[in-house]
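Read through the structure below, which is laid out as structure tokens, and then see the notes.
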Amino acid sequence: MEIKDEPKYIIEGSAKIFEEGNVFYNPVQEFNRDVSICVLNTFMSMFREELLSKKERVKKNEEPKPPKKIRVLEALAATGLRSIRYAKEVEGLDEIIANDLMNQAVNMINKNVKANGVEDKVTTSHADAVTLMYTTKPDNKFTVIDLDPYGGPNRFLDGAVQSVVDGGLLLITATDMAVLAGNTPEACIVKYGSVPLRSKACHEMALRILIRSVETTANRYGRYIKPLLCLSIDFYVRVFVRIFTGQFQCKESSTKQSMVYQCTGCDAFTLQPLAIRKSSPENPKSIKFCIPTGPFVSTNCEHCGHKHHMGGPIWNSQIHDWDFLGELLKFVKSEKGQKLGTYNRILGVLSVVQEELPEIPLYYTIDQMCCVLKLEVVPQMKMRSAILHENYRVSLSHACKNSIKTDAPISLLWDILRSWAKTHPVNPARFHDGTALKKILATEPAKDYNFDDLHPQANPPSRKDALARYPENPAAMWGPGTRSTIMVDKSRMTKNIRNQNKNVKRKAKQRKDNEMKEEREKSPDTKHMKIDDEENNMQDVEVPS
């Protein structure tokens, strides 16, 4: 009698899916899914309160409209794991549509939905995601739309901003970081309508390019966004934004977008908004939007004398909602939040986000600034203390471990480093004509800055509490995977992984073989004799001792 193997499952959170088939499942994204569950629970609590307050404002003689269903669309569901977890772990959802274009994926979703017993909430859809969103009826729009595509989400944005309810939530992932972070600016112009700049702040710039793309897409239909939480994580960015309707806010959108000038020598950046908001002194309620005069920088950088690159436009306004973030952290610290598999990392990342300066776009890094001046790197606590002693604010960015996000001008940061250079001098051989180093250090510092007295606010709470703020990759091959990867089947190895470092491995094997051959030749256990033969060439003959 033939014994059939028992089915294997992958368990994540409260859901389990079959470990079979050729449907894309990426275990790397568990943190993404856990954060999304926290955000959705917090959003649903907020959304229900807003619906109740609307009902209270309804006049008594009017009949209240029947409540609409809370509908969630996972546009690219793959295995359906995310939809199943939403059904089991998020309260208040009436219907979740798990959609995918692949027939194998739809079959897998159906199988996983039945195995988890969530048929009453999760509905399977076999359609093109764009078509599905475009054909949604106005009275049946989605409360939440989750877009987690392979690569860029740009082609799904137009349908998403139209098919979500007023006040609804968009959850968007972009894994095409090579495009957003500046490796291929021409591709970023095509996909997102912005020019990215390569710098240490490229991950936050990627976030702001994506947010701006969502905003401009929504503006075409008289809608605008309100970012709740926007994260740069591992190899991708994830944004959570609400969509509202309002003509005035659409006009105000121009003030929330800026071009970025970045010096080619010292990487100093300057933002120039596309428009500025003005009000009349006689009538403060009368608001006009004007184009600023510019550019905000001269032809050459005032600090090092080099030229500028121009990038953007990017989103220059806040990328997190602090009221929402406070409620989100309450949920994360609750009993439900602590059960999540990536709880420690969620708590650490959100704590750093809460400490960020909200109105300061982009950041510098201490190591990059010291690299420009060929200086010994200033310890982070000393640099933060020097800035704080000058009565400016400073924080980290969740996107970069050694970041400096501050309201202090860049001229002050260079002056602080000039003061550091007095006690940690630069090698004179480094002073070449035309370098940023020589130009910046040619000026004497305005004063001696205080590096030694640790400022009370220099050490952020997240660091004091030793939270998991910037965890290292937990496994080898940590990354986005490939579109054709059979991720569900753990026993198979993808071709790109199998061939990774192929030449390095081959050379290492050759080197090892040569070393072994040399050891054999030198070994006293064997004797090698050279035999000259007219009929044969030189041959090695091994004679046992």
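Which of the numbered conditions does R208 fail, given that it passes all the others? Conditions: (1) open to solvent by 40 Å² or more (accessible area, probe 1.4 Å); (2) charged (D, E, K, R); (3) closer than 30 Å to G479 by Cβ.
For R208, the failing item is (1).
Considering only residues that are more than 16 Å from A105 (Cα to Cα), among the basic types (K, R) and modelled with pLDDT of 90 or more, look in segment 1-51 and name the one that is least open to solvent (accessible area, probe 1.4 Å).
R33
For segment 341-439, list the helices (runs of 4 or more DSSP H) that sit wholly inside it and hold at least 1 residues that are without any contact (Cβ under 8 Å) to a residue 12 or more places away in the chain; which are they?
By residue number, 366-372, 410-423.
Going residue by residue through segment 294-303, is there one that turns out to be polar (S, T, N, Q), under 26 Å from the mean Cα position of the chain (by Cα) and part of a loop (DSSP other than H, G, I, E, B)?
no
Of everything in segment 86-105, what is open to solvent by less than 10 Å² (accessible area, probe 1.4 Å) and over 18 Å from F142 (Cβ atoms)? Give them in sequence order.
The answer is A105, and nothing else.
Whether any residue in segment 235-251 is under 30 Å from E472 (Cβ atoms), open to solvent by 10 Å² or more (accessible area, probe 1.4 Å), of a type outside the set (S, T, N, Q) and touching a residue at least 12 places away in the same chain (Cβ under 8 Å) is what I want to check.
yes
For segment 312-340: of the residues being touching a Ser or Thr at 6+ places or on another chain (Cβ under 6 Å) and either free of Cβ contacts under 8 Å to residues at least 60 places away in the same chain or assigned to a helix (DSSP H, G or I) (or both), which is farthest from F240 (Cα to Cα)?
Restricting to residues being touching a Ser or Thr at 6+ places or on another chain (Cβ under 6 Å) and either free of Cβ contacts under 8 Å to residues at least 60 places away in the same chain or assigned to a helix (DSSP H, G or I) (or both), the top hit is F331.
Can you find a residue in segment 395-412 that is acidic (D, E) and open to solvent by less than 30 Å² (accessible area, probe 1.4 Å)?
The answer is no, given that none of the residues of segment 395-412 is acidic (D, E) and open to solvent by less than 30 Å² (accessible area, probe 1.4 Å).
Going by the conditions given, is V332 closer than 20 Å to L437 by Cα and buried (at least 19 other Cβ atoms within 10 Å of the Cβ)?
no
Does E390 satisfy the condition of being within 14 Å of R463 (Cα to Cα) and open to solvent by less than 60 Å² (accessible area, probe 1.4 Å)?
no
Go through segment 326-346 and report how many residues are of a type outside the set (D, E, K, R) and more than 14 Å from I37 (Cα to Cα).
Total satisfying the criteria: 2.
Condition (residue is in contact with a His (Cβ under 8 Å, 6 or more places away or on another chain), outside any strand (DSSP E or B) and open to solvent by less than 50 Å² (accessible area, probe 1.4 Å)) applied to segment 270-290: is it met by at least one residue?
no
I'm told L229 meets every condition in (1) closer than 14 Å to L169 by Cβ; (2) open to solvent by 10 Å² or more (accessible area, probe 1.4 Å); (3) not small (G, A, S) except one. Can you identify the failing condition by its number?
Answer for L229: the failing condition is (2).
Would you say A127 is modelled with pLDDT of 95 or more and either in contact with an Asp or Glu (Cβ under 7 Å, 6 or more places away or on another chain) or closer than 13 Å to K16 by Cα (or both)?
no
Condition test on K374, is it modelled with pLDDT of 95 or more and open to solvent by 20 Å² or more (accessible area, probe 1.4 Å)?
yes
Based on what the data block shows, is V144 modelled with pLDDT of 95 or more, crowded, with 22+ Cβ neighbours inside 10 Å, touching a Phe, Trp or Tyr at 6+ places or on another chain (Cβ under 6 Å) and closer than 26 Å to L51 by Cα?
So V144 does not fit the description; no.
Tally up the residues in segment 150-185 that are hydrophobic (A, V, I, L, M, F, W, C), open to solvent by less than 10 Å² (accessible area, probe 1.4 Å) and within 25 Å of S45 (Cα to Cα), please.
Looking only at that region, the number is 7.
Being out of contact with any strand residue (DSSP E or B) (no Cβ under 7 Å at 6 or more places or on another chain) and closer than 30 Å to V237 by Cβ: is that true of D452 here?
no
Tell me yes or no: at least one residue of segment 460-475 is of a type in the set (D, E), modelled with pLDDT of 95 or more, assigned to a loop (DSSP other than H, G, I, E, B) and out of contact with any helix residue (DSSP H, G or I) (no Cβ under 6 Å at 6 or more places or on another chain).
No - not one qualifying residue is present in segment 460-475.
The values are calculated or read from the model by the stated rules, or taken from the named source; none is laboratory data. It should be emphasised that the depicted structure is a prediction, and the values quoted were computed from it without experimental measurement. FYI the Cβ positions are ideal-geometry reconstructions off the backbone, even for glycines, and counts take in every protein chain you see. Just so you know, the surface numbers come from the protein's heavy atoms only, side chains and all, with ligands and any DNA or RNA stripped out. Shrake-Rupley method; radii C 1.70, N 1.55, O 1.52, S 1.80 Å.
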